[in-house]
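Take a look at the structure set out below.
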């Protein structure tokens, strides 16, 4: 059975990844060149076999250690946030603390003029672990005038806050911490750029494989399939919006790499949750396949 998607949705979905041109959706067919070896699971001359179900790529999500003792800048060019381990540093149970937090924004009294607020002065702020979301570690920061949360990426954080700006009246400054915080864009050298290029190919492949696995999980539920496809298209748009302001992004692609890696983990988490949901509907029956018993003589 072929599944039909709105043309605009598919166009946006395919544009979201450099490798999306190779992605196969349910019902799509790809011809095998004459004389070429057939892939495992392909129909043979003697009969047919069912194609292998797409499997998610299993990788370990980044830990907070990847952001400790580093200076991260919003969009790779403004503000500053720095983390360290609290008492008992060096142990996994030690709290994560913010030792520096500077936010840049726009003056309230003079629109168009930049301003800067140094939020952390003296005692550090503890970043509180939150419920794991989208397959990534999440922390909440209780700044009174500007609370926000962030997801931990590899050497970067993605700050979320609903898109609302925060007002520091005493400093005559309005800021919005949301966005990707990472290394200064101008500090990324040619050697790192080459490493990012290789990592980006792997990240795109992981995201594509996890997406295909998730897309096949609802089976014949066309509405569920459309929802998954729409969410992937939405990510492509979000990545474009977040990364277009990262300093020198067109040169190194750091922001797109980190967001793509994060999306791969999000898709894997969705797939695991879908598996739990499907499993709960089996009325307690085990999915384990028992070996057939030998017939009695």
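The table for this structure:
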item	result
Equivalent ellipsoid dimensions for the stretch 64-185 as semi-axes, Å, which come from the Cα gyration tensor, largest first	25, 15, 13
63, 236, 206 arranged by Cβ crowding within 10 Å, fewest neighbours leading	63, 236, 206
Two-site FRET efficiency, residue 193 against residue 160, from Cβ-Cβ distance with R₀ of 45 Å, rounded to 0.05	0.95
Inter-label distance for residue 126 and residue 240, nm, one decimal - labels placed 7 Å from Cα along Cα-to-Cβ	4.3
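Rule-based calculations on the coordinates, nothing more; no lab input. Please read all numbers here as calculations on a predicted model, not as lab measurements. Note: ideal-geometry Cβ built from the backbone for every residue, glycine included; neighbour counts use all protein chains shown.
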